[in-house]
Structures are given as structure tokens and as C-alpha cells.
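Only one structure is covered here, and it is reproduced in the block below.
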Amino acid sequence: MPRCDAVFAGGGVRGIGLVGAVAAVEQAGYTFENLAGTSAGAIVAALLAAGYTGDELAAILKTLDYTRFQDQGFLDKLALPGKALSILLEYGLYEGRFIENWLAGLLAAKGKTTFGAIRLPAPEQEKYTYKFQAIAADLTDRRLLVLPGDLRRFGLDPDEFPIARAVRMSIGIPLFYEPVRLADRHGDVHLIVDGGLLSNFPVWLLDDGSDDPPWPTFGFKLVDYAPRTLADGPRRPLVNLSQYLETVISAMIDAQDNCYISHVHGDFQRTIPIPTAVEINGVHQKIATTDFAITAEESAALFANGFAAAENFLASWDFAAWKQLFRRGAGG
């Protein structure tokens with residue numbers, strides 16, 4: 001069976017589109033070796049590393065109530081003043097506990113709760129020690145974190161660290177979710193947030209640096225190929241601070257989704273672009289990163305987008321030609 005590495009970009013609730021692409025790649029006969037992801041992409045990558053298939057993930061996500069990801073603490077429940085205090089004192093509208101506990105339960109069902117459980121035997125490079133890696137952002141040091149490896153900087157043993165906790169760090173959309181607080185060796189507390197802030201699509205992470213990689217790295221990325229018929233403006237009126245912040249953060253992350261992809265290294269040519277615009281009952285609409293009110297029909301349409309995008313990509317994919325053009329032909 002052909003093998004591949006996979007890197008998944010962030011995209012919030014639209015992650016079901018990534019799963020659709022995964023299902024198509026698996027149906028084509030590929031198995032996943034090394035996996036990495038940011039934010040929603042980290043969720044997909046972590047569950048694949050634990051042993052879930054694309055079809056299993058589709059069944060899980062199609063029945064998921066995304067509104068439960070908006071879990072509120074005491075301050076958040078005090079209407080608008082409480083939400084303002086939550087941002088001022090806790091730096092986020094929502095707790096993020098539900099998504100971490102939900103993911104931990106799914107990982108426990110496969111017996112893969114810590115990074116030690118997904119350690120790979122005899123890796124050729126240190127970067128391939130663990131089957132899955134998550135991207136997060138350390139606001140305190142203003143630097144990118146690749147987890148679990150960078151946990152050593154905090155005096156932590158990567159083998160013992162919970163996978164769900166690392167993913168919670170990666171999905172911490174600033175102002176939307178409270179940041180994860182992590183103390184370093186000196187006792188200084190660092191604020192860890194969504195990796196998309198610094199690298200929403202780390203397709204470079206799994207490259208082995210050789211002229212002749214043994215298998216390809218595929219990128220899975222949500223993109224805005226918006227038809228001209230899409231309506232302008234938000235899908236919901238902005239009537240309060242909470243909805244305003246959701247829309248601002250969603251727009252920021254969506255813009256990051258369209259960031260530069262390197263043509264020099266062949267990143268564009270190895271990336272599966274998954275449209276985030278869907279058609280429901282003849283109406284075109286774009287699904288936003290934080291659209292937690294996504295319907296079952298919209299979720300199914302995003303899955304179909306991902307499946308079709310991967311099928312189209314694989315129909316013309318030629319790994320030997322890609323290596324000749326972007327590795328051997330480029331002089332390394």
C-alpha cells in the first residue's frame with residue numbers, strides 16, 4: 001500500500017472538510033505515516049494517529065453538537081458584562097474544557113492518551129519520534145511551539161504529556177478560548193494559544209530534507225473559493241460583544257487560511273485545497289471558522305467538498321514527477 005505523511009491546516013468547525021479528504025485518500029489505498037496539524041487540523045491528525053479511520057471520524061463529527069464547544073465559565077454566564085470580564089481577566093470567552101475532554105475520551109477509546117503511546121520505533125530523525133505533532137503559539141515568548149518536542153523547554157516529559165492537552169493548546173483561538181497557562185523551568189507562566197496565529201499550515205514540518213523522500217507529504221487545506229453569488233456580510237447580525245468577537249476572530253483565522261504557500265518547494269502542488277463554500281437548497285454560502293451553529297446539511301456538504309477535492313488531486317498526482325521538479329531537479 002502507498003504511504004504518505006499528512007499535514008492538516010486549521011479551520012475551526014469546518015474540519016469535517018479535512019475528514020472528507022482523508023476518507024478519499026484512504027479509499028485510494030494510502031496509509032498515513034507521520035501526521036501534524038494546527039487547530040482543527042490537530043484534532044484530525046491526533047485522532048488518525050490514535051488509529052481512527054476517515055470513515056470513523058466522519059461518523060463522529062457528523063453527529064457532533066458544535067455549540068458545546070462554546071463552554072462557559074461562571075463569568076461567561078453573567079451576560080454581556082460577564083463576557084467582558086472574562087476577556088479582561090481570563091483572556092477568552094470560552095473555557096475549552098469540553099473539547100479537551102471530548103478528545104481525551106476518543107483517544108482513551110483507542111488506548112492512546114499520551115504521546116508515549118504514539119511513539120514510533122527507531123525513527124530516522126528526531127522529528128519523527130512521535131506519529132503526531134501539534135502546532136501552538138507561545139504568546140509569552142512570541143515563538144512557535146511544535147508539540148510534544150518543545151515541551152522539554154518547560155521541563156516536561158513528552159512521553160507523559162496528554163495528547164488532548166497539546167491539541168487544546170493548538171485550538172486556543174485568541175480571545176475566543178482562554179489560553180492554556182504553562183509554567184517553564186523557572187516557574188514563569190507562558191500563555192499558549194492557537195498555532196494558526198503563527199503557522200496555520202506547517203506543511204514544511206515533516207520534510208526529511210533529502211532529494212529523494214520515500215513517500216510524499218500531502219497538505220490538507222481549507223480554502224475560500226467563493227462563488228460570485230455568495231451574499232456579502234456575515235450570516236448573522238452582530239448584536240452583542242460575543243458575536244462581534246466571534247466574527248473578528250473568524251475573519252482573522254480565515255484570512256490566515258489563505259496565506260502564502262511556497263511554489264519553490266512544491267507546497268502548492270502537494271496540497272489538497274478544500275473549498276469552504278457550500279450549496280444548500282440552491283443557496284451558496286461560506287462556512288466560517290467559528291460558525292458553531294453549523295447544520296447537519298452544511299457539515300455533509302463540507303465533507304463532500306473534501307472528498308471530491310482529494311479525488312481530483314489524486315487523479316493527477318505524480319510523486320516521481322514532483323520529486324524531479326522540486327527535489328532532484330531543484331538541486332536538493
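The values are calculated or read from the model by the stated rules, or taken from the named source; none is laboratory data. What you are looking at is a predicted structure, and each value in this text was computed from that prediction instead of being measured. FYI the Cβ positions are ideal-geometry reconstructions off the backbone, even for glycines, and counts take in every protein chain you see. We work out accessible area using only protein heavy atoms, side chains counted, and drop any ligands, DNA or RNA first. Shrake-Rupley method; radii C 1.70, N 1.55, O 1.52, S 1.80 Å.
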message: Could you check the range 3-26 and list, in sequence order, the residues that are at pLDDT 95 or above and either on the phi > 0 side of the Ramachandran plot or outside any helix (DSSP H, G or I) (or both)?
response: R3, C4, D5, A6, V7, F8
query: When residues of the range 129-167 are filtered for being under 13 Å from G37 (Cβ atoms) and either among the small types (G, A, S) or part of a helix (DSSP H, G or I) (or both), how many remain?
result: 5
- prompt: Out of all the residues in the range 107-127, which are outside any loop (DSSP other than H, G, I, E, B) and open to solvent by 30 Å² or more (accessible area, probe 1.4 Å)?
  reply: A108, A109, T114, G116, A117, R119, E126, K127
task: Output the qualifying pairs, or none if there are none: Cβ atoms under 6 angstrom, residues six or more apart or on different chains, first residue in the range 46-68 and closer than 12 Å to K110 by Cα, second residue assigned to a helix (DSSP H, G or I).
output: A46/I163; A46/V167; L47/L57; A49/I118; A50/L107
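Select, from L144, L151, the only residue that is open to solvent by 20 Å² or more (accessible area, probe 1.4 Å) and among the hydrophobic types (A, V, I, L, M, F, W, C).
Result: L144 is the single residue among L144, L151 that is open to solvent by 20 Å² or more (accessible area, probe 1.4 Å) and among the hydrophobic types (A, V, I, L, M, F, W, C).
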message: On the basis of being under 23 Å from G92 (Cβ atoms), of a type in the set (V, I, T) and in contact (Cβ under 8 Å) with a residue 40 or more places away in the chain, does V203 make the cut?
response: no
task: Scan the range 190-216 for residues that are modelled with pLDDT of 85 or more, closer than 16 Å to A42 by Cα and either touching a Lys or Arg at 6+ places or on another chain (Cβ under 9 Å) or in a strand (DSSP E or B) (or both) and jot them down.
output: I192, V193, D194, F201, V203, L205, L206
- request: Could you name every one of the strands (runs of 3 or more DSSP E) located completely within the range 265-332 that has at least 2 residues being open to solvent by 50 Å² or more (accessible area, probe 1.4 Å)?
  value: 283-286
field: Matching residues in the range 1-47 - criterion: being in contact with a strand residue (DSSP E or B) (Cβ under 8 Å, 6 or more places away or on another chain), surrounded by fewer than 24 Cβ atoms within 10 Å (Cβ to Cβ) and among the aliphatic types (A, V, I, L, M)
entry: M1
statement: Contact list, first residue from the range 156-180 and on the phi > 0 side of the Ramachandran plot, second anywhere and at pLDDT below 95, beta-carbon distance below 9 Å, six or more apart or interchain, is L175/I87; L175/Y91; L175/G92; L175/L93; L175/L245; L175/V248; L175/I249
message: Given the criterion modelled with pLDDT under 95, among the hydrophobic types (A, V, I, L, M, F, W, C), in contact with a Leu (Cβ under 8 Å, 6 or more places away or on another chain) and open to solvent by less than 30 Å² (accessible area, probe 1.4 Å), identify the matching residue among L61, L75, L93, L85.
response: L93
task: Pairs only if they're at least six apart or on different chains, beta carbon under 8 angstrom, first in the range 111-131 and farther than 21 Å from G209 by Cα, second part of a loop (DSSP other than H, G, I, E, B) and not basic (K, R); list them, first residue then second.
output: K112/G51; T114/F161; F115/P148; F115/F161; A117/G111; R119/T129
